[in-house]
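Asker: Quick one: structure below, then a few questions.
Read-outs throughout are calculated quantities, based only on the coordinates presented, and are distinct from any laboratory measurement. Please read all numbers here as calculations on a predicted model, not as lab measurements. Heads up, the Cβs are rebuilt from the backbone with ideal geometry, glycines too, and the neighbour counts pull from every protein chain shown.
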Amino acid sequence: MIKKIKIKSEKVRNIFLKLIVSGHKYHLGGSLSCLDFMITAIYGGIINIHKKKGIKNFILSKGHALGIIHAILLEKKMITYNSFKNQTSKGVIGGQLDIFNPKNFFEWNSGSLGHSVGVCIGLALTTKQKVWTLIGDAEIDEGSIWEALFFIKDKKIKNINIVIDKNNISASKKITNKGNLSPKVLKNLGFEYFEIDGHNVDLIYSVLKKVKKVKRSSLIILNTIKGKGIKEIENNIKFSHQLPSRELLGKYIK
């Protein structure tokens, strides 16, 4: 399984970079920081993606990382590139989930930051299955997230898994000494707690399998690098929104 995931990771990464070179607009740095998690979760069978039903019980709160999902759909041949390009030109498919949600493929668009954990509570109360959300480390400052975390603890909701992409850079600044992300604070919330290397596929898969069996809600911190895999943009605030040259991306595609 791990070998398959690693092969798929390289294929999806390649497709994602080709989409950007072709003119599709995505946030490169924040997408690459969570790519290894999303690939492992989806190709490892933890989060299910269906051609007709879409993605169930998973909310991508990091809507700007939508390009990874698009690349996965193309790699899985759930959509052809010609169809993808056509729908993009018509405005049906776009670069951010808070703006585009074609045919309700996702159960909920990312909307304003900070709402996904609350929406997960609603989903979790209607199913016995595990419900997942992926959020960014800057987003954790939103008060609505903390209200939802305390509600999960208070009501003893057992089937919500919150994954935080901790790449230490927001859209405009580096994040340092973030007290509300300290293990001492997070471990007191009553969740099953994990903090791991967010680029170690073997470790990610191992933890996700454990979480699948745990009989209470879980909180997973992924220590990641913004722009992971492209040395010239790694941990560079400039590339939160800006893209490097096509020549540089072409080099990595090769």
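Asker: Can you figure out the FRET efficiency of Tyr193 with Thr127, using R₀ = 22 Å and their beta-carbon distance, to the nearest 0.05?
Answerer: With R0 = 22 Å, the Cβ-Cβ based efficiency is 0.40.
Asker: Which of the peptides 215-221, 11-17 is most tightly packed, and how do the rest follow, going by the mean number of other Cβ atoms within 10 Å of each residue?
Answerer: By packing density, highest mean first, the sequence is 11-17, 215-221.
Asker: Moving on to the next point. Pop the C-beta distance of Lys173 and Glu10 into the FRET formula with R0 = 22 Å and round what comes out to the nearest 0.05.
Answerer: E between Lys173 and Glu10, to the nearest 0.05, is 0.10.
Asker: With a Förster radius of 35 Å, plug the Cβ-Cβ distance of Gln242 and Lys3 into 1/(1 + (r/R0)^6) and report the FRET value to the nearest 0.05.
Answerer: The calculated FRET efficiency here is 0.50.
Asker: Based on the mean of other Cβ atoms within 10 Å per residue, sort peptides 36-42, 230-236 so the most packed one is first.
Answerer: The peptides rank, most packed first, as 36-42, 230-236.
Asker: So which helices of the chain fit the span-like rule, where a helix is a whole DSSP H run, its Cα atoms reach 20 Å or more along the axis, and its mean Kyte-Doolittle is at least 0.5?
Answerer: In the chain, the long hydrophobic H runs are 28-43.
Asker: Moving to a separate point now. With a point put 7 Å past each Cα toward its Cβ, work out how far Gln87 is from Lys25 in nm, to one decimal.
Answerer: Label at Gln87, label at Lys25, 2.0 nm between them.
Asker: Using 0.36 nm per residue of separation minus the Cα-Cα distance, give me the extension gain between Thr80 and Lys56 in nm, one decimal.
Answerer: Extra length available between Thr80 and Lys56 comes to 6.5 nm.
Asker: Here is a follow-up. Just checking my list (i) 23; (ii) 7; (iii) 11 against percent of Cα pairs over 34 Å apart computed from this structure; which label fits?
Answerer: Read-out taken from this structure: (iii).
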